[in-house]
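Participant: If you scroll down you'll find the structure; I have some questions about it.
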Amino acid sequence: MLLRSVDDSQINTVFPNTFEEYKKWDKEKDELPPEEVYKALFQELAYGEKVQVGRALTRMNYSKSGWKSLIKKTSRAIKKVVKKDEFPDSYKEFFIETNEKWADPTYWYAMGQMVNNQTSIYYWNAIDRTFDQELNVVQQEEDRRVYVQTWLKTLKVSIYVTLFCLILGFPVAHLLANLPLRYSNLLMIFVLLPFWTSLLVRTTAWIVMLQQKGVINGVLVWLGILSDDGRIAMVYNETGTLIAMTQILLPFMILPLYSVMRVIPKSHMRAAQNLGAKPVMAFWRVYLPQTIPGMSAGGLLVFVLAIGYFITPELVGGKDGKLIGSWIAYHLKTTLNWGLTAALGAILLGFMLIFYWLYNKIVGIDNIKLG
Amino acid sequence: MSKLIKAFLFASIICAPFAASAVTVASWGGAYTESQQKAYADTYSDPGSIVFENYNGGLGEVRAQVESGSVTWDLVDVLPGDAITGCDEGLFEDISSEIASMGVPGPDGESIAEDMENNGLEYHSGWDCCVPQIFWTYVVFYDPDAFPGEKPDSMADFFDVEKFPGKRGIHTWATGIIEKAMVADGVEPNAVPTVLEKQTGALDRAFAKLDTIKDHVVFWSSGSKPLELVKSGEVVMAIAYNGRVGAANLAEGENFEYIWEGQVLDQEYLCLTAGAPNRDAALDFMMHASSPESQAEQAKYITYGPMRASGIPIIVNGEPWGPGGVDIMPHMPNTPERLAVSIVSDPQWWSDNGAEIDERYAAWMGN
Amino acid sequence: MALPTYATPIQRTYYYAYLFFCAVVFFFLVAPLIAIVPISFSESPFMVFTEGMLAWPPDPEAWSLRWYRNMIGDCSAEVVSSTVPCSTKWMRGTVNSFYIGIIATFIATVLGTMAALGLSRPHMPYKALIMSILISPMIVPLIITAAGMFFFYARINLVYTFTGVILAHVALATPFVVITVTATLVGFDMNMVKAAQSLGAKPMRTFFKVIMPLILPGIISGALFAFITSFDEVVIVMFMASIDQLTIPKQMWAGIRQEISPVILCMATCLVILSIVLLTTVELLRRRAERLRGIKAR
């Protein structure tokens, strides 16, 4: 996968001579590339294999929209010329006559991105950067900047979900850890049942609960808290995503917290209080610090899982549901821009490895427990 | 122990190919595939030899199958943009000569291509690998009860939240909406594709128009959603696939009104995967599925219009063509008077610019 | 955890607020799962509580097994609704899910147990590193695993085959087995292996006669985890499975994306019941294991 993200050789095997000539073009001196470039491109379009050229076109269109039909129209004109055997005197003029876009240097600049066999362009694209004509890294046009925004949104959602899980999970884990075993085992079912139930089932269940005519709105209207027209939109927006993801990931917070709290001796709190600490103080200074391993384990686990989620946000998130995972799936399946897919994936993987390493540092990877 | 593993692996390998031999058609699922099953497969000489499979569009799977050489889909039902890309990239087989020689001609001997041109379509490279299916459209609809007084009847009204207050339901990707925004901005519907292609800044115009309803929008991403939104009153009008609205009106006794002006017609093709395991059988089925009769037949089950012009007279003469003795033409998107106020989406332009516009649209949604 | 009798009113308030909060969280965790059960028995094609269902006395007209019959592929006239497609896909999905799940579980359990046994040896080199690599599929986002596997499997012709899907699920499920079995091995007395070997048992015999019976609860709960992982998995099948490998999650995903129908809720209800069964089994096994260990410690 990592190879895919930097590989740019396919197009170079289709237009080798064109790129060879292209490298000789002095952009300072001439506005447009020299005649030889046009000629090489003419040859390679005229005698190249159709399928190979087709693939190269898909690639070229990533660097600048419009390449695809420009070359296709030109190819058709070239084929006619070859058939009639009337080769032009000036290839440059022939191209420009076929389509005026060939006189537009921005297309030629875009070609510069693809000259090398390896490229970092996909990584730059993945953070809304692109190359200018000199192959310097610059910001993407303003209205196409979408990935940085998505990365931030993914991060925001993950942080919120982690916080909510911590807030909701901490008291529950505390209760479970301090109840006598037979009660806590019974209550544990409430935590384990969602944990064992399919992700899709839980997602569907939340749609049923939260939708406009769903259970929660229904109950609120029935209780007279809401008017029938005043039903709240809780799903297909960020609220829905947060609620559903929090519930789905909550067990991953409760279980590590529980296993840590279980072994904290109750006598510590009592000792602190005997020594004169107020309950709040005792909790803050004595109990809480001991739960830090559990909190960090649960927090990291939830965060790491949340950051890569895309099924649930995609189904309940509506317009806000497009997190980074959705973009990966979109480029993999729809635009076929597999280079960008791989680059986005690699960046996400990088994040993950950092957190994984942290996790290992803090709790040790073999301390993960289930159920 | 390792012997056991081997045995299991082996068992799973030999179990794998037991599906082959039938022609596999990848399509969109739901009521649409149901209508294909009834109109194409059930009327075919050997209905049992056709199997439909669902996919979610896009060429990702096709490319993986072709590149790895393990093709399992014989035919793929695709949008025109994917037909073009797939044909250019060699994911679909170029069968232009077979289509010309084997295609079922219209009543006056029109070839498939001529028949499509009679319907106002222009050649693109997808035609070399694929046969036409249906026209479907992004159409705006509303519940007349929501507007006791004057009713909206144009794109300008859809984008006018002062004249017609209330939320609008629109989808989470750009196709269709851009064109509608252009119409609302005063462009003649038939001229929209040309303006988008030729005029610099046309996209900015479309997005500026979209900005005017930004705060009054509910987004949807699954096809059944806009109907729920309108029915529950959450929005007063929504863009939807016309087939969904038609089904609600015909089968469930709803009374939704369409705004045909500014509807965006999109095409649908059936393409032959390169290296399809049942190539010849699939080719034969393609020809059956693209005959004027089959295309007209499909209108019985879903309100999508035939892409071949000669399919329409069959429906008109056969009325009542719809289920339970209803006339179907009032729900069809491509009658002459509706076509006059419609946009035929330009697949070549979308295939050039689609990815970029989708990114821009996503950025717009997110801000 | 009961309140001491000498608690002040403020402490009492705090305590009850705390209990109430926990109750709310428990409710939050389980309520959605319970809510879908009655709706799946609805007569209506919409996923809502209809008025008839809420009426008292209950209106028998409002309740039906219609969607369950649809789910098992019974498309007779009184079942079919114009908005809900009816097919045998749910049943085929169920068969495939079990087929893939069971084979993947078997392989994952064997591999996972062997890995755990090796890793629990005290002098195993690079233990932490191996453990990290083994567990990585659990932590790495599925979408990345799926994309990576998709590229890799496409190259070796395994995409859209049962073998491919099964192998992918094995990779996902093995870590769960490793973790549970490792946890059981913590309480395992290695001297017993030495004892068996000194009495002349070959390694295989030692494993089957001595180690295996003792760590069996761990292996079984690991296997159940592996099964549920494969059974619920949707991202991998989305990318790597074709119609022949249609599984329940894949069919559910398609259903939720296109039209949400009560049939999905029927399947969801069945899956909730399945998870209750599996959960109970694991819980019983865990208790048994604790008892066994308790005896040993004495």
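Participant: Give the residue that is surrounded by the most Cβ atoms within 10 Å (Cβ to Cβ), with candidates limited to residues of segment C:34-51 that are more than 7 Å from chain A (Cβ to nearest Cβ) and out of contact with any Phe, Trp or Tyr (no Cβ under 8 Å at 6 or more places or on another chain). If you could, list the steps in order and put the result at the bottom.
Facilitator: Taking segment C:34-51 first, the residues more than 7 Å from chain A (Cβ to nearest Cβ) are C:34, C:37-38, C:40-46, C:50-51.
With out of contact with any Phe, Trp or Tyr (no Cβ under 8 Å at 6 or more places or on another chain) added as a condition, the list becomes C:34, C:37, C:44-46, C:50-51.
Numbers: C:I34: 12, C:V37: 15, C:S44: 18, C:P45: 16, C:F46: 16, C:T50: 16, C:E51: 10.
Across segment C:34-51, the extreme among qualifying residues is C:S44.
Participant: To continue, here is another question. Out of all the residues in segment C:93-112, which are surrounded by fewer than 18 Cβ atoms within 10 Å (Cβ to Cβ) and in contact with a helix residue (DSSP H, G or I) (Cβ under 9 Å, 6 or more places away or on another chain)? Before the answer, list the steps.
Facilitator: Step one: of segment C:93-112, the residues surrounded by fewer than 18 Cβ atoms within 10 Å (Cβ to Cβ) are C:95, C:98-99, C:102.
C:F98, C:Y99, C:I102, listed by residue number.
Here is a yes/no grid of residues against (1) buried (at least 16 other Cβ atoms within 10 Å of the Cβ); (2) facing chain C (nearest Cβ under 7 Å):
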site	(1), (2)
A:L192	yes, yes
A:L200	yes, yes
A:V208	yes, yes
A:Q211	yes, no
A:L223	no, no
A:S227	no, no
A:R231	yes, no
A:E238	yes, no
A:M245	yes, no
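Participant: Something else: Output the residues belonging to segment C:28-46 that are of a type in the set (V, I, T) and farther than 15 Å from C:M71 by Cβ. Break it down into steps so the answer makes sense when it comes.
Facilitator: Restricting attention to segment C:28-46, the residues satisfying the condition of being of a type in the set (V, I, T) are C:30, C:34, C:36-37, C:39.
Result: C:V30, C:I34.
Participant: Quickly run through segment C:234-253 and pick out the residues that are modelled with pLDDT under 80 and at the interface with another protein chain (Cβ under 9 Å from one of its Cβ atoms).
Facilitator: Filtering segment C:234-253 down to residues modelled with pLDDT under 80 leaves C:239, C:241-244.
Selection gives C:F239, C:S242, C:I243, C:D244.
Participant: Follow-up. Determine whether segment B:242-255 contains at least one residue that is assigned to a strand (DSSP E or B) and under 23 Å from B:P189 (Cβ atoms). Before the answer, list the steps.
Facilitator: Here is the first cut: in segment B:242-255, the ones assigned to a strand (DSSP E or B) are none.
The answer is no, given that none of the residues of segment B:242-255 is assigned to a strand (DSSP E or B) and under 23 Å from B:P189 (Cβ atoms).
Participant: Residues of segment C:15-33 being more than 30 Å from C:M267 (Cα to Cα) and either more than 7 Å from chain A (Cβ to nearest Cβ) or not in a helix (DSSP H, G or I) (or both), which ones?
Facilitator: Matches in segment C:15-33: C:Y15, C:Y16, C:A17, C:L19, C:F20.
Participant: Now a separate question. Being crowded, with 20+ Cβ neighbours inside 10 Å and without any contact (Cβ under 8 Å) to a residue 24 or more places away in the chain is the filter; apply it to segment A:278-324 and report the residue that is farthest from A:P171 (Cα to Cα).
Facilitator: A:E314
Participant: Going by what's in this entry, would A:W196 be described as within 14 Å of chain C (Cβ to nearest Cβ), more than 25 Å from the chain's Cα centre (by Cα) and among the aromatic types (F, W, Y)?
Facilitator: yes
Participant: Let me ask something else. Looking at B:V51, B:V76, which is the one that is at the interface with another protein chain (Cβ under 9 Å from one of its Cβ atoms) and either at positive phi or under 22 Å from the mean Cα position of the chain (by Cα) (or both)? Lay out the reasoning, then the answer.
Facilitator: On the way: B:V76 fails: at the interface with another protein chain (Cβ under 9 Å from one of its Cβ atoms).
Only one candidate qualifies: B:V51.
Participant: Can you tell me how many residues within segment A:123-147 are farther than 21 Å from B:L203 by Cβ and in contact (Cβ under 8 Å) with a residue 12 or more places away in the chain?
Facilitator: Taking segment A:123-147 as the starting set, the residues that turn out to be farther than 21 Å from B:L203 by Cβ are A:123-124, A:126-127, A:129, A:131-137.
Checking which are in contact (Cβ under 8 Å) with a residue 12 or more places away in the chain leaves us with A:123-124, A:126-127, A:131-135, A:137.
Count: 10.
Participant: Would you be able to say whether some residue in segment B:161-168 is under 25 Å from the mean Cα position of the chain (by Cα), surrounded by fewer than 16 Cβ atoms within 10 Å (Cβ to Cβ), not in a loop (DSSP other than H, G, I, E, B) and not aromatic (F, W, Y)?
Facilitator: Taking segment B:161-168 and keeping what is under 25 Å from the mean Cα position of the chain (by Cα), we get B:168.
Subsequent filtering for residues that are surrounded by fewer than 16 Cβ atoms within 10 Å (Cβ to Cβ) retains none.
No, because not a single residue in segment B:161-168 is under 25 Å from the mean Cα position of the chain (by Cα), surrounded by fewer than 16 Cβ atoms within 10 Å (Cβ to Cβ), not in a loop (DSSP other than H, G, I, E, B) and not aromatic (F, W, Y).
Participant: Moving on to the next point. Could you count how many residues in segment B:316-367 are within 14 Å of another protein chain (Cβ to nearest Cβ) and either in contact with a His (Cβ under 8 Å, 6 or more places away or on another chain) or over 30 Å from A:N237 (Cβ atoms) (or both)? Walk me through it before giving the result.
Facilitator: Filtering segment B:316-367 down to residues within 14 Å of another protein chain (Cβ to nearest Cβ) leaves B:322-324, B:326, B:346-367.
Checking the rest, the ones that are also either in contact with a His (Cβ under 8 Å, 6 or more places away or on another chain) or over 30 Å from A:N237 (Cβ atoms) (or both) come to B:322-324, B:326, B:346-349, B:351-352.
Going through segment B:316-367 one residue at a time, the tally reaches 10.
Participant: In addition: Identify all residues within segment C:135-160 that are buried (at least 20 other Cβ atoms within 10 Å of the Cβ) and either away from chain A (no Cβ under 12 Å) or more than 27 Å from the chain's Cα centre (by Cα) (or both); write none if there are none.
Facilitator: Answer for segment C:135-160, where residues must be buried (at least 20 other Cβ atoms within 10 Å of the Cβ) and either away from chain A (no Cβ under 12 Å) or more than 27 Å from the chain's Cα centre (by Cα) (or both): C:A154, C:L158, C:V159, C:Y160.
Participant: Would you confirm whether or not segment A:248-260 contains a residue that is without any contact (Cβ under 8 Å) to a residue 60 or more places away in the chain and either under 23 Å from the mean Cα position of the chain (by Cα) or within 13 Å of chain C (Cβ to nearest Cβ) (or both)?
Facilitator: For segment A:248-260, residues without any contact (Cβ under 8 Å) to a residue 60 or more places away in the chain and either under 23 Å from the mean Cα position of the chain (by Cα) or within 13 Å of chain C (Cβ to nearest Cβ) (or both): absent.
Participant: Could you list all residues from segment A:128-155 that are away from chain B (no Cβ under 13 Å) and either over 22 Å from the mean Cα position of the chain (by Cα) or assigned to a loop (DSSP other than H, G, I, E, B) (or both)?
Facilitator: Correct list: A:D132, A:Q133, A:E134, A:L135, A:N136.
Participant: Any residue at all in segment B:141-149 that's closer than 15 Å to B:P226 by Cα, within 19 Å of the chain's Cα centre (by Cα) and either outside the structural domain of B:I84 (by TED's automatic domain parsing) or among the charged types (D, E, K, R) (or both)?
Facilitator: yes
Participant: Inspect segment C:113-134 for any residue being touching a residue at least 60 places away in the same chain (Cβ under 8 Å), crowded, with 22+ Cβ neighbours inside 10 Å and assigned by TED's automatic domain parsing to the domain that holds C:G255 and give the result as yes or no.
Facilitator: Checked against the condition, which is being touching a residue at least 60 places away in the same chain (Cβ under 8 Å), crowded, with 22+ Cβ neighbours inside 10 Å and assigned by TED's automatic domain parsing to the domain that holds C:G255, segment C:113-134 yields at least one hit.
Participant: Of all the residues that make up segment B:107-129, how many are among the small types (G, A, S), farther than 14 Å from B:M286 by Cβ and at pLDDT 85 or above?
Facilitator: Counting residues in segment B:107-129 that are among the small types (G, A, S), farther than 14 Å from B:M286 by Cβ and at pLDDT 85 or above gives 3.
Participant: Report, ordered by the first and then the second residue, all pairs with beta carbons closer than 6 Å, sequence separation of six or more or different chains, a first member in segment A:340-360 that is more than 7 Å from chain C (Cβ to nearest Cβ), and a second member that is surrounded by 22 or more Cβ atoms within 10 Å (Cβ to Cβ) and among the aromatic types (F, W, Y).
Facilitator: Final answer for the pair search is A:L340/A:Y122; A:A343/A:Y122.
Participant: Return a yes/no flag: does segment A:68-91 have any residue that is over 22 Å from B:E89 (Cβ atoms), away from chain B (no Cβ under 14 Å), basic (K, R) and in contact (Cβ under 8 Å) with a residue 60 or more places away in the chain.
Facilitator: No.
Participant: Here's another thing I want to ask about it. Please enumerate the residues belonging to segment C:174-207 that are more than 13 Å from every other protein chain (Cβ to nearest Cβ) and either of a type in the set (A, V, I, L, M, F, W, C) or under 25 Å from B:V62 (Cα atoms) (or both).
Facilitator: Correct list: C:F188, C:M190, C:M192, C:V193, C:A195, C:A196, C:L199, C:A201.
Participant: Can you name the number of the only condition in (1) away from chain A (no Cβ under 14 Å); (2) more than 18 Å from A:Y356 (Cβ to Cβ); (3) not in a loop (DSSP other than H, G, I, E, B) that C:A171 fails?
Facilitator: Going through (1) away from chain A (no Cβ under 14 Å); (2) more than 18 Å from A:Y356 (Cβ to Cβ); (3) not in a loop (DSSP other than H, G, I, E, B) one by one, C:A171 breaks only (2).
Participant: Any residue in segment B:214-225 that's facing chain A (nearest Cβ under 8 Å): show its pairings with residues that are of a type in the set (S, T, N, Q) and not in a helix (DSSP H, G or I) at Cβ separation under 6 Å, as long as the two are six or more apart or on different chains.
Facilitator: Between residues of segment B:214-225 that are facing chain A (nearest Cβ under 8 Å) and residues that are of a type in the set (S, T, N, Q) and not in a helix (DSSP H, G or I), the close pairs are B:F219/B:T172; B:S221/B:T172.
The values are calculated or read from the model by the stated rules, or taken from the named source; none is laboratory data. All of these numbers come straight from a predicted model, not from anything done at the bench. Here the Cβ is made from the backbone with ideal geometry for all residues, glycine too, and neighbour counts use every protein chain on show.
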